[in-house]
Every structure is written in C-alpha cells, then in structure tokens.
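*Asks:* If you scroll down you'll find the structure; I have some questions about it.
The values are calculated or read from the model by the stated rules, or taken from the named source; none is laboratory data. What you are looking at is a predicted structure, and each value in this text was computed from that prediction instead of being measured. Cβ sites come from the backbone with ideal geometry, for glycine too, and all protein chains shown count toward neighbours.
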Amino acid sequence: MANITTDAAKPERLQLLRVLGPAHVWALGVGIVLVGEYMGWNFAVGKGGMIAGLVACWVAGLLYTCVAMIDSEVTSTVAAAGGQYAQAKHIVGPLMAFNVGLFLVMAYTMLEAANAITVGFLLDTVAGMTGHSGLHQQPFIVLAIMFLAWLNYRGVLATLTFNLVIVAVAFTAICVLFFAIQFGASDVPLDFSAVTEEPLPYGWLGIVAALHFGLWYYLGIEGTCQAAEEVRSPARSLPYGTMAGIMTLLIAATLTWYMCSGLIPWEYLGQAGTPLFDAARVTGSVWLMVLLFIGTIFATLASANGCINDASRAWFSMGRDRYLPSWFGAVHPVYRTPYRSIVFLVPIALIFALGAPLDQVVTFSILSGLLGYTFMTFNMVMFRRKWPLDTIKRGYVHPFHPLPTIILLILCSTAFFAVFLGYGTQLIAMMCFYIVASLWFHFRRYQYVRRGDQFTMPWPRPQGY
Amino acid sequence: MAYEPKKQGLAAQIFDVVTLLVLTVGALYVPLYMGLAGAAKTPNPIENPTWEALGQNAAEQRQWEALGITDPASVNDMITARFDYSFSWAALIIMIVSVVGYFVLVVRLSDREYREVLDERFGSKRKGG
C-alpha cells in the first residue's frame, strides 16, 4: 500500500527539463489563445451586437494587458512550475494556492474540451459541405485529445515546438485572409451597415453582456507562466514571451472582428461555431476556405495542446506539494514530463467534451479564468507589500503600480456581472463548488501537507509577518 | 518542531480524488440537468418573412446566400431571436455575496495556514507559537 512519504520521496529527485526559450513561451501563450479568434469570441456579438463585440474585444484586451503586466513581474520572480499556483503559495497561502491550482486546471481542461468540440463541429460542417452530412463527431473529439495527450506525454520540447509551427500557420492564415479581402479576393464585399443601422440592439447593457465572451479572445495568455520551471531564462523569457503574445493577440482579435463583422450578418455571426471559416466561405474562394479550415484545425489543436501542458503542470504541482495525492507529483523517468497528471486529466476532458454544450463549457472555462484574474489583483498588492521593490530581486518590474491592479479589479467585477446576465446559475454553482472544495482542503486535505515545504523561494520573511 | 503530516493510504488517496471529481462534474452537470443552465434566446418570428421584412439589406442578402442560406424563412428565428437581460436584484446580491464571501473565506483561512508555513520556514516569532 503506497503512502505519501514513500511516494513523494522518489519522484522529487527528477526535475523538469529547462529547454524552452522566449519563442516557446510566445507559442505556448498564443497557442492556447489564438483559437479564441477562430471560435467563441463571436458569441460576444450575439450578446450585444457588432459594436459591443468590438468594445468587448478592446476592453478584454485591456484586462489581459493588465494580467500580462502583473503576471510578468510576479512570475519572473516566482519561477516555478504551476505559475500562478506557485505565486499564491508564496504570497497568499496554501488554501489560495489550492484554489488557484483548481482555477488553472478547470480553465484549461474546459478550454481543451471546447477545442475538441470545435474540431468535431468543423469536420462535421466540412463533411456536410462535401455531401457527407451526418458525420459522427465523437471519434474525432476522442482522437484529438488522445493524440495531444500522447504528444505531451512524450516531451515538452517536441510538444511546444509542434505548437510553435502550427500556431504560426494559424496566425498567418488570419493575416492572409485579411490581405486577400483587402485586395479584392472576396466575391462579397465587406459591409458594415449593421454597425450604423443596428449598432446596439441591446443598448449599453449589451456591451457589458458582451464582455463575457470578449474574454475568450485572450483567455489563457496567462498560461505562459506554467512553463516557468522549463524555461532556460525565466526572468527574460517569460516577460518577453507574454508581452509579445498579448500584442499578437490584440492585432489578431481586431483583424478577426473586422473581417467577420464585414462579411457575416451579425445575427449569424453571434451563434456561429467557426466564424473565421465562415468568413472564408463567404469570400467564395476555395483556397481561402481550405486555408482557414487548416487554420481552424491548427488553432484548436495548438490550444488543446497548450491546455494539456498547462493543466497537467498545475495538477502535477499540487500533487508534488501533497495538496492532491502525491502520486500525481511524479516525473517520467525518460521523458521528464508529469505523465501521471497528463494521463489522469484525459478522461476528465472527455467527460466535458462529449457531454456538455459548447457555450456551457466555454462559460465554465471563462469563470475559472475570471476567478484567477481576480486573485491576481490582491496577489499583486500583497506581493509589493510583503516584499517591497528593494527587498528581493525581480526579473521584471511592471510600471504604474497599482493602476493595472485597479483597472483589472474593475474589469473583473464588470465581467462577473456580464456572466451573471444569462449564466448566473452556473456562476453560483461554480462558487458553491469552490467554497466546498476550499472547506474540504482546509479541514481535510491540509493535514497531509508539510508546512515548511510550502515556501521554497530564497526570500526573507515577508514584512508584517 | 516541524509538523509531521499524517500518512495517507492508497484507498484514502483515491477517495480524495473521487471527491474532487464528483464536485467538479456536479458543478457543471447539475445546472444542466436541472435545466437552469445558459441564456437561451427567445425567437420572435414574423409572418411571411422576406429578407427586407427581416431587416436584411442587399449586401447582407448576398452574405446569407454565400453561407448557403437562400430562404429567409429558414433563418426567421435566428434573426429575430433576442436575449432577455432582465434580472432580479436579489439574485445579483446573492452573486456578489457569494463571490466576495468566497474570496474573504479563502484569504482568511489561507492566512492562518500561511503563518504556520512561515513559522516553520523562518522560525516562530511568537512565544509558544
């Protein structure tokens, strides 16, 4: 019978490999998120109309710029697998870290499930267009998740190099579509009459409601921090990779809104499963359709790939710290990956990918992400208070503190209200889940945790303690 | 003296993981099965729908055709459907209390655990602590 002491002692000797550079960090961040341009963001248009979709795109961009600024400072200083989880452990405390670990696992696993659903939906759509309607989506969903889990199992360098290539293709596809439309490759011209004729079908409330799915443009960029223990130079690579990622996404998001809003009626766009592919269909160009089909498939695979990478690192970190059974804290003796965590999360992703509607899965992911961003606000304030700038060496110091924190808190509060408008039940259900899980951790699970091991950074005692 | 955690058997480890799994799956599927999940749009279809009656100009009609939709009646529901954003203030207050209460609970309990961690890592500052 295994127990914690014997289980934990052996796996901790093996470390994750430090093989990644800034380009891999960029690929991890953008790879997870770029799919948000290929699907999901357009529900924001459905929630508030064309203008609301654009405002949501930029407001969410501002929110994520704050997230990237804050994250770059804290992660470049707390360079450990688990990203925000490790931050919470050192700055707020074990229970917060457990919750942040769950936010990450839930957000990424749900995003992975949403990606797999999209792969199945797209293949079904294309099969229908070629006269083979009625395709069974489930085998493709299972195959996508299993293949990517296998890739992650075999090694992080190969996984993220694969991501680098397919993300570059998916991003290029968006740019090619944009230039092709600009140079007249579309049979149907861009038309923005809905912007003037029906700018805000739900009024200003629609703009707030649209922020719910506006987050989907960028959700997961904070995942760059998960690779902190596998990056050669965290203090340099993580801020560069993250900030380059958010800039890439801001450009891609704006281009995406412009093309889709100009080519697709907003009523259709607001509920479309694959909006960029649909925009390519409207152009009437077969080669653009093929390109955007490839782009959509690559974006979803890259995102699911990054999600498996990140969720497994968070789960692994919690296992290593005994917040979860320490069996999960093992590193593969040959591939040096958190293989048990990778395998364990596969069936969970499948449960959601095969059994829940896309908008529910997306909402579940967004809510977990939103809770994580809310945590970042007070985490940043506590970090600066407990260790002022001159007390520890930081890899990066973000400017204008506490302005990004205040903006982030205001935008998070607005986003909670946006989710509440229509998805209030899920929000309450999710809060119940996290409250029960927190009580379970504090009153049951924490007895198995070694106290002193929870603080591993070479920092002085925090001020005020 | 450093805290020595309890040893946990395999069965108890499995029980802990299953507990988390049940909570996770329940949080998504219970609202779904109870029919409380999601914001459904309510269609307001019009009689004898034409593209013009549905508010679609010539350019938009070409876009619909390019998407393979030539019959306006087939998208009557899609075009006329709208969300209902009315809400109850009581539900909003419950939402605010649950989110704020959750973070207060977690931060306070975390702080208690954090002090134990620091005492073990850096040595206790308090007598008897």
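*Asks:* How many residues are part of a helix (DSSP H, G or I), over 30 Å from A:VAL45 (Cα atoms) and touching an Asp or Glu at 6+ places or on another chain (Cβ under 6 Å) when one looks only at region A:59-94?
*Replies:* Summing the residues that are part of a helix (DSSP H, G or I), over 30 Å from A:VAL45 (Cα atoms) and touching an Asp or Glu at 6+ places or on another chain (Cβ under 6 Å) in region A:59-94 gives 1.
*Asks:* Looking at region A:275-289, is at least one residue buried (at least 24 other Cβ atoms within 10 Å of the Cβ) and under 21 Å from the mean Cα position of the chain (by Cα)?
*Replies:* Yes, region A:275-289 has at least one match.
*Asks:* Let me ask another. Yes or no: region B:93-109 includes at least one residue that is more than 8 Å from every other protein chain (Cβ to nearest Cβ), out of contact with any strand residue (DSSP E or B) (no Cβ under 8 Å at 6 or more places or on another chain), basic (Lys, Arg) and not in a loop (DSSP other than H, G, I, E, B).
*Replies:* yes
*Asks:* Could you grab me the full set of residues in region A:231-278 that are in contact with a strand residue (DSSP E or B) (Cβ under 8 Å, 6 or more places away or on another chain) and of a type outside the set (Gly, Ala, Ser)?
*Replies:* Hits for region A:231-278 are A:VAL231, A:ARG232, A:LEU238.
*Asks:* Working only within region A:289-346, note down all residues that are touching a residue at least 60 places away in the same chain (Cβ under 8 Å), polar (S, T, N, Q) and assigned to a helix (DSSP H, G or I).
*Replies:* Those that are touching a residue at least 60 places away in the same chain (Cβ under 8 Å), polar (S, T, N, Q) and assigned to a helix (DSSP H, G or I): A:THR296, A:THR300, A:SER303, A:ASN305, A:ASN309, A:SER312, A:SER317, A:SER326.
*Asks:* Restricting attention to region A:186-209, which residues are of a type in the set (Asp, Glu) and assigned to a helix (DSSP H, G or I)?
*Replies:* Across region A:186-209, the qualifying residue is only A:GLU197.
*Asks:* Would you point out which residue out of A:VAL381, A:VAL362 is more than 10 Å from chain B (Cβ to nearest Cβ) and within 30 Å of A:PRO139 (Cα to Cα)?
*Replies:* A:VAL362
Here's the yes/no breakdown for (1) in contact with a Gly (Cβ under 8 Å, 6 or more places away or on another chain); (2) surrounded by 24 or more Cβ atoms within 10 Å (Cβ to Cβ):
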position	(1), (2)
A:ALA79	yes, no
A:GLY83	yes, yes
A:THR109	no, yes
A:ASN115	no, yes
A:HIS136	no, no
A:TRP150	no, no
A:VAL165	no, no
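*Asks:* Another question, if that's okay. Given region B:1-89, what helices (runs of 4 or more DSSP H) lie entirely inside it while holding 2 or more residues that are without any contact (Cβ under 8 Å) to a residue 24 or more places away in the chain, more than 7 Å from every other protein chain (Cβ to nearest Cβ) and not polar (S, T, N, Q)?
*Replies:* B:10-33, B:58-66
*Asks:* Quickly run through region A:448-465 and pick out the residues that are charged (D, E, K, R) and more than 8 Å from every other protein chain (Cβ to nearest Cβ).
*Replies:* A:ASP453
Here's the yes/no breakdown for (1) modelled with pLDDT under 85; (2) β-branched (Val, Ile, Thr); (3) under 22 Å from the mean Cα position of the chain (by Cα):
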| position | (1), (2), (3) |
| --- | --- |
| A:VAL195 | yes, yes, no |
| A:PRO199 | yes, no, no |
| A:TYR202 | no, no, no |
| A:LEU215 | no, no, yes |
| A:ARG232 | yes, no, no |
| A:THR242 | yes, yes, yes |
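*Asks:* If B:ALA40 satisfies all but one of (1) among the hydrophobic types (A, V, I, L, M, F, W, C); (2) under 30 Å from A:PHE441 (Cβ atoms); (3) exposed (fewer than 12 other Cβ atoms within 10 Å of the Cβ), what's the number of the condition it fails?
*Replies:* So B:ALA40 meets the others, but not (2).
*Asks:* Has region B:81-89 got any residue that is acidic (Asp, Glu) and more than 21 Å from the chain's Cα centre (by Cα)?
*Replies:* The answer is no; no qualifying residue exists.
*Asks:* Are any residues in region A:1-50 part of a loop (DSSP other than H, G, I, E, B), modelled with pLDDT of 85 or more and within 14 Å of another protein chain (Cβ to nearest Cβ), and if so, which ones?
*Replies:* Across region A:1-50, the qualifying residues are A:ASN42, A:GLY49.
*Asks:* Only one of A:ILE174, A:ILE141, A:ILE181 is part of a helix (DSSP H, G or I) and in contact with an Asp or Glu (Cβ under 7 Å, 6 or more places away or on another chain); which?
*Replies:* From the options A:ILE174, A:ILE141, A:ILE181, the qualifying one is A:ILE174.
*Asks:* Of the residues A:ARG461, A:ARG450, A:ARG384, which is under 21 Å from B:GLU113 (Cα atoms), free of Cβ contacts under 8 Å to residues at least 40 places away in the same chain and either outside any helix (DSSP H, G or I) or among the small types (Gly, Ala, Ser) (or both)?
*Replies:* Only one candidate qualifies: A:ARG461.
*Asks:* I need the full set of residues from region A:415-447 which are under 23 Å from B:ARG108 (Cα atoms), more than 7 Å from chain B (Cβ to nearest Cβ) and touching a residue at least 12 places away in the same chain (Cβ under 8 Å), in order please.
*Replies:* If the condition is that a residue be under 23 Å from B:ARG108 (Cα atoms), more than 7 Å from chain B (Cβ to nearest Cβ) and touching a residue at least 12 places away in the same chain (Cβ under 8 Å), then A:PHE441 is the only one that fits.
*Asks:* Looking at (1) over 17 Å from the mean Cα position of the chain (by Cα); (2) more than 30 Å from A:PRO399 (Cα to Cα), which is the only condition A:VAL78 fails?
*Replies:* (2)
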